[in-house]
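The values are calculated or read from the model by the stated rules, or taken from the named source; none is laboratory data. Every value quoted in this text rests on a predicted model; they were computed, and no experiment measured them. We place every Cβ from the backbone using ideal geometry, glycine too, and count neighbours over all the protein chains shown.
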Amino acid sequence: MIEFYKVRKIGNNCTRCGICEYVNKCVNKECVGCLSCFHACPNNAKEVILDYSRREGVKIVVNKNTFEVPENVTIKRALEFIGYRFGVYPNEGDIQAPCNLGGCYTCSILVNGEIVRSCITGVSDGMKIETDTSSIVPTRIVHGPEPHTVGGKATPWTEKREGRYVEVAIWVAGCNLRCPQCQNYRVTYDNVTKPVSPMEAAYKLTVYRRRYGVKGLAVSGGEPTLNRRWLIEYFRELKKLNPDGKARLHLDSNGTLLTPSYIDELVEAGCNNIGVEPKGNNVETFKKITGIFDHELAERYLKTSWNAVKYLVDKYLDRVYVGVGIPYNSDFMSLNELYEIGDKIASINNSIQVCVLDYFPTFKKKGIKRPPYNEMVKVKNILNGCGLKNVIVQTEVGYIGP
């Protein structure tokens, strides 16, 4: 039996925060079960329920072939009904749809000649769909640029002493994880802002680099690696606009989609500074941190991120500045597991930069407590005790360097 879902509001939990009006807004007249607004709500004011309402069939034309599909579903689901396969990883399935939030534009298709996000847009009768968008310039939602005083997981710690700003950065919308303590959820869940091309993003960031006189040009998120074509073209353009040897073209990623071939393509495109943040050492911790409860997918994500760290170190350490991020809060990670992570990194290379992020209460995890300064000092000592030479920890009063 085919199941259909819809989202409904839990009035008592709603705080009128504005997220569903200004950050993650429904693009349909009625709910089509995309679940984007459910995931984006920071106050648990929405719930997913089974939809038993009667559905008529609607006719759509897909690549010049006519099909009948149920009404009130997303285009993505309609395409799945007629046999199209959607993959999370690049080059898997007929179309990649890694985030299902509407921010990354990876699953874009042409509907009546216009670019549309298949993951959040409802199907309608008579719709003419083309799935090949290879001739269209890729776009995605971008926030910034802005100058940054601290940088990311792979911002060389030595640069933090050179001036007030260490790099300029953009943040892209969309993520394949559902971290309940997302530290940047207003960007991650944005499906409203007008998307931009890789060329536009690279040009604006380059202008900011010249304005602030920094080496680093960073992209973070959300998760930048979702829209592979956009990201590769972005780095190619960034390299073209910043040909000097000092330019640090920086990617901050959760690493879950960074396969060896993807890394190769990024480095070839000009990316020479990569930070990867594996979310834990064991799968259960990863699931708790990320909100990914499909065990098989969580296991694959975690393995891919750790493999990415090793691959970068083994193949590109002479060409890429590599950093590893560790999310820490005692609510989701024990000090014993932290030691295991430190030991794992040290076994790969004990000299690479390790940055520990002290996750604070926000989004759907407002009840956790930010680790105090003394606890973060203890975290640093544990990692140094594993033999790691370049450990930086973020604290409530600033970072502590090596």
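Table for the structure above
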quantity	calculated
Residue match in region 201-224 (condition: crowded, with 24+ Cβ neighbours inside 10 Å, of a type in the set (A, V, I, L, M, F, W, C), closer than 25 Å to E299 by Cβ and within 14 Å of the chain's Cα centre (by Cα))	no
Qualifying position, being charged (D, E, K, R) and either free of Cβ contacts under 8 Å to residues at least 24 places away in the same chain or closer than 26 Å to A40 by Cβ (or both), among E337, E299, E237, E233	E299
Pairs, first within 15 Å of K204 (Cα to Cα) in region 126-147, second of a type in the set (S, T, Y), C-beta under 6 Å, six or more apart	T139/Y105; T139/S197; R140/Y105; I141/T193; P145/Y208; P147/Y165; P147/Y212
Residue count for region 118-146, restricted to those that are out of contact with any Lys or Arg (no Cβ under 9 Å at 6 or more places or on another chain), of a type outside the set (S, T, Y) and surrounded by fewer than 17 Cβ atoms within 10 Å (Cβ to Cβ)	4
Criterion (modelled with pLDDT of 95 or more and in contact with a helix residue (DSSP H, G or I) (Cβ under 6 Å, 6 or more places away or on another chain)) met by exactly one of V69, V27, V58	V69
Which listed residue, of R229, R209, is touching a strand residue (DSSP E or B) at 6+ places or on another chain (Cβ under 9 Å), part of a helix (DSSP H, G or I) and modelled with pLDDT of 95 or more	R209
Residues (surrounded by 15 or more Cβ atoms within 10 Å (Cβ to Cβ) and in contact (Cβ under 8 Å) with a residue 60 or more places away in the chain) located in region 7-25	I19, V23, N24, K25
Check on T121, in contact with a strand residue (DSSP E or B) (Cβ under 8 Å, 6 or more places away or on another chain) and in the same structural domain as I392 (by TED's automatic domain parsing)	no
Close pairs (6 angstrom Cβ cut-off, 6 or more residues apart or separate chains): in contact (Cβ under 8 Å) with a residue 60 or more places away in the chain and over 20 Å from G275 (Cα atoms) in region 379-396, surrounded by fewer than 19 Cβ atoms within 10 Å (Cβ to Cβ) and among the basic types (K, R) anywhere	none
Helices (runs of 4 or more DSSP H) enclosed by region 292-402 - at least 1 residues per element that are in contact with a Pro (Cβ under 6 Å, 6 or more places away or on another chain), buried (at least 18 other Cβ atoms within 10 Å of the Cβ) and at pLDDT 95 or above	295-316
